[in-house]
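S.K.: Quick one: this structure, given as structure tokens, is what I'll be asking you about.
The values are calculated or read from the model by the stated rules, or taken from the named source; none is laboratory data. Source: prediction; values computed, not measured. Positions of Cβ are backbone-derived with ideal geometry, glycine not excepted, and every protein chain shown enters the neighbour counts.
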């Protein structure tokens, strides 16, 4: 049967992959058949340099690579099967090659099929800021009672999400899946794969505006999680004090959280001190207050803590367990970390930056008690036409903040009108630090990951 006749005779059913799928021997294969292979070989890889014995290799494509070209290598390295979408890379008669129309879509639909077969309860998380921290806090809280699978790092895109779902096993009681977006429709794509039972949007802010087109585009895209939950009778956990989220939360089964005094909140809380670690108190439905001393920096993390507490209560985690989990959590990966060097105290928040998170970090830093303060700030990327305006806004804030020393890094900050020291890139900063390192400062380091300010730790 040639490709043309196979296509003509193919009649999809509800459970069958939308694209034609078959082994190179011209034996047609649908998603349930592929899933049978997956159950026998339940490890997938997309990297021919990492091929666990007996795994399935998916030949994905990128801007500068074609995974099909590495399928043979993956099989030689130990993979049991290679899923490809360009027939010329298969060896005729070798049943280890599985030919599909689109490897990425096949990976996504296999993940969705697996998720539905297991029926694991899933919490979906998205938002402009705080989604990774909230995901980790949720995993910590739920982990007090359940076996939890959660997104590793920030594997929150159209590849990372299905790979995470395919790590689900019968032993997992619940999963926490982070979903990111940089363009309209991204969240819809991911929620259709994940099929979450419940979820939350941490917030909406001015980030990735180049991709979204406008702040309204950000709201619509993040709101695609609400759209899915609304259509499928799911539950949404929402910060009742966020007017943007409440404005799109109509028709949802809502569980609310917020600052003290929030009407109808299942969980409410307030900051008690933040110098530099966040200490706060919280209570459930008007009950007694519980004090929590955290290992995380920034009063802006209060809502992330309350979101985790709210979800935990929903899944019957006790208040004692929730407080223990929140107090025990230690951030990693350059997110709100405090590090003491021999010369300075560093607040490292160099994984990501946008106008919303930058304003929150600078406001928190301004309000902190410290004898000498220094800010090293890197460009906020992907802001499109408003980039100049937003970087100037930060520079203007800094003029009034009264920090002892400010260094700005990157071409966008380089265009701002201000009197602060400017550097082209992180390498220029290193040269300056090599010649004259600041001593005795509390230093905030924040910028987009691509600016690489995280490299400065060893220099300060």
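S.K.: Hey, among 380, 358, which residue is within 30 Å of residue 242 (Cα to Cα), part of a loop (DSSP other than H, G, I, E, B) and within 26 Å of the chain's Cα centre (by Cα)?
M.R.: Details: 358 fails: part of a loop (DSSP other than H, G, I, E, B).
Going through 380, 358 in turn, the sole match is 380.
S.K.: Please identify the pairs in which a residue from the stretch 256-271 that is free of Cβ contacts under 8 Å to residues at least 60 places away in the same chain and not assigned by TED's automatic domain parsing to the domain that holds residue 240 has its Cβ atom under 7 Å from the Cβ atom of a residue that is surrounded by fewer than 16 Cβ atoms within 10 Å (Cβ to Cβ) and assigned to a loop (DSSP other than H, G, I, E, B), counting only partners at least 6 apart or on another chain.
M.R.: Pairs found: none.
S.K.: Now a separate question. Does the stretch 209-232 include one or more residues that are in the same structural domain as residue 181 (by TED's automatic domain parsing) and part of a strand (DSSP E or B)? Walk me through how you get there before you give the answer.
M.R.: Of the residues in the stretch 209-232, the ones in the same structural domain as residue 181 (by TED's automatic domain parsing) are 209-232.
Checking the rest, the ones that are also part of a strand (DSSP E or B) come to none.
Looking through the stretch 209-232, none of the residues is in the same structural domain as residue 181 (by TED's automatic domain parsing) and part of a strand (DSSP E or B).
S.K.: To continue, here is another question. Return the residues of the stretch 153-168 that are over 10 Å from the mean Cα position of the chain (by Cα), more than 17 Å from residue 142 (Cα to Cα) and assigned to a loop (DSSP other than H, G, I, E, B); say none if nothing qualifies.
M.R.: 158, 159, 166, 167
S.K.: Here is a further query. When the residues of the stretch 433-460 are filtered to those that are without any contact (Cβ under 8 Å) to a residue 12 or more places away in the chain and part of a helix (DSSP H, G or I), which remaining residue is nearest to residue 367 (Cα to Cα)?
M.R.: Pass one, the stretch 433-460, residues without any contact (Cβ under 8 Å) to a residue 12 or more places away in the chain: 435-436, 458.
Narrowing further to those that are part of a helix (DSSP H, G or I): 435, 458.
Values: 435: 31, 458: 26 Å.
Once the filter is applied, the top-ranked residue is 458.
S.K.: Going by the structure shown, is residue 400 in a helix (DSSP H, G or I) and at pLDDT below 95? Give the steps one after another, and end with the answer.
M.R.: On the way: in a helix (DSSP H, G or I): yes; at pLDDT below 95: yes.
Against the criterion (in a helix (DSSP H, G or I) and at pLDDT below 95), residue 400 qualifies.
S.K.: From the list 193, 187, 248, which residue is crowded, with 18+ Cβ neighbours inside 10 Å, modelled with pLDDT of 95 or more and within 18 Å of residue 131 (Cβ to Cβ)?
M.R.: Working: 187 fails: modelled with pLDDT of 95 or more; 248 fails: modelled with pLDDT of 95 or more.
Only one candidate passes the filter, namely 193.
S.K.: Looking only at the stretch 57-78, count how many residues are free of Cβ contacts under 8 Å to residues at least 40 places away in the same chain and under 15 Å from residue 34 (Cα atoms). Outline the logic, then answer.
M.R.: Taking the stretch 57-78 as the starting set, the residues that turn out to be free of Cβ contacts under 8 Å to residues at least 40 places away in the same chain are 57, 62-78.
Still in the running and under 15 Å from residue 34 (Cα atoms): 57.
Residues flagged as free of Cβ contacts under 8 Å to residues at least 40 places away in the same chain and under 15 Å from residue 34 (Cα atoms) within the stretch 57-78 amount to 1.
S.K.: Collect the residues in the stretch 159-180 that are closer than 22 Å to residue 317 by Cβ and in contact with a helix residue (DSSP H, G or I) (Cβ under 7 Å, 6 or more places away or on another chain), keeping them in residue-number order.
M.R.: Those that are closer than 22 Å to residue 317 by Cβ and in contact with a helix residue (DSSP H, G or I) (Cβ under 7 Å, 6 or more places away or on another chain): 168, 170, 174, 176, 177, 178.
S.K.: Out of everything in the stretch 69-119 that is at negative phi, assigned to a loop (DSSP other than H, G, I, E, B) and out of contact with any strand residue (DSSP E or B) (no Cβ under 6 Å at 6 or more places or on another chain), what residue ends up being modelled with the lowest pLDDT?
M.R.: Filtering the stretch 69-119 down to residues at negative phi leaves 69-77, 79-92, 94-118.
With the extra rule that they be assigned to a loop (DSSP other than H, G, I, E, B), the set shrinks to 77, 79-80, 85-86, 90-92, 94-96, 101-102.
Keeping just the survivors that are out of contact with any strand residue (DSSP E or B) (no Cβ under 6 Å at 6 or more places or on another chain) gives 77, 80, 86, 91-92, 94, 101-102.
Details: 77: 95, 80: 97, 86: 93, 91: 89, 92: 86, 94: 92, 101: 89, 102: 93.
Of everything passing the filter in the stretch 69-119, 92 is modelled with the lowest pLDDT.
S.K.: Let me ask another. Name the residue that is surrounded by the fewest Cβ atoms within 10 Å (Cβ to Cβ), counting only residues in the stretch 49-68 that are assigned to a loop (DSSP other than H, G, I, E, B) and touching a helix residue (DSSP H, G or I) at 6+ places or on another chain (Cβ under 7 Å). Write out each step before concluding.
M.R.: Going through the stretch 49-68, the residues assigned to a loop (DSSP other than H, G, I, E, B) turn out to be 49-55, 59-60, 62-65.
With the extra rule that they be touching a helix residue (DSSP H, G or I) at 6+ places or on another chain (Cβ under 7 Å), the set shrinks to 51, 59-60.
On the way: 51: 22, 59: 25, 60: 19.
Out of the qualifying residues, it is 60.
S.K.: Just one of (1) assigned to a helix (DSSP H, G or I); (2) modelled with pLDDT of 95 or more; (3) under 23 Å from residue 344 (Cα atoms) trips up residue 413, so point out which.
M.R.: Among (1) assigned to a helix (DSSP H, G or I); (2) modelled with pLDDT of 95 or more; (3) under 23 Å from residue 344 (Cα atoms), residue 413 violates only (3).
S.K.: In the stretch 295-330, what residues are closer than 10 Å to residue 278 by Cβ and assigned to a helix (DSSP H, G or I)? Spell out how you get there, then give the answer.
M.R.: First, the residues of the stretch 295-330 that are closer than 10 Å to residue 278 by Cβ: 295-302, 304-305, 326.
Matches in the stretch 295-330: 299, 300, 301, 302, 304, 305, 326.
S.K.: Looking at the stretch 361-377, which of its residues are assigned to a helix (DSSP H, G or I) and crowded, with 16+ Cβ neighbours inside 10 Å? Spell out how you get there, then give the answer.
M.R.: Of the residues in the stretch 361-377, the ones assigned to a helix (DSSP H, G or I) are 361-367.
361, 362, 364, 365, 366, listed by residue number.
S.K.: Sticking with this one: Pick from the stretch 5-35 the residues that are within 14 Å of residue 95 (Cβ to Cβ) and modelled with pLDDT of 50 or more: which of them is farthest from the chain's Cα centre (by Cα)?
M.R.: Only one residue fits best here, namely 29.
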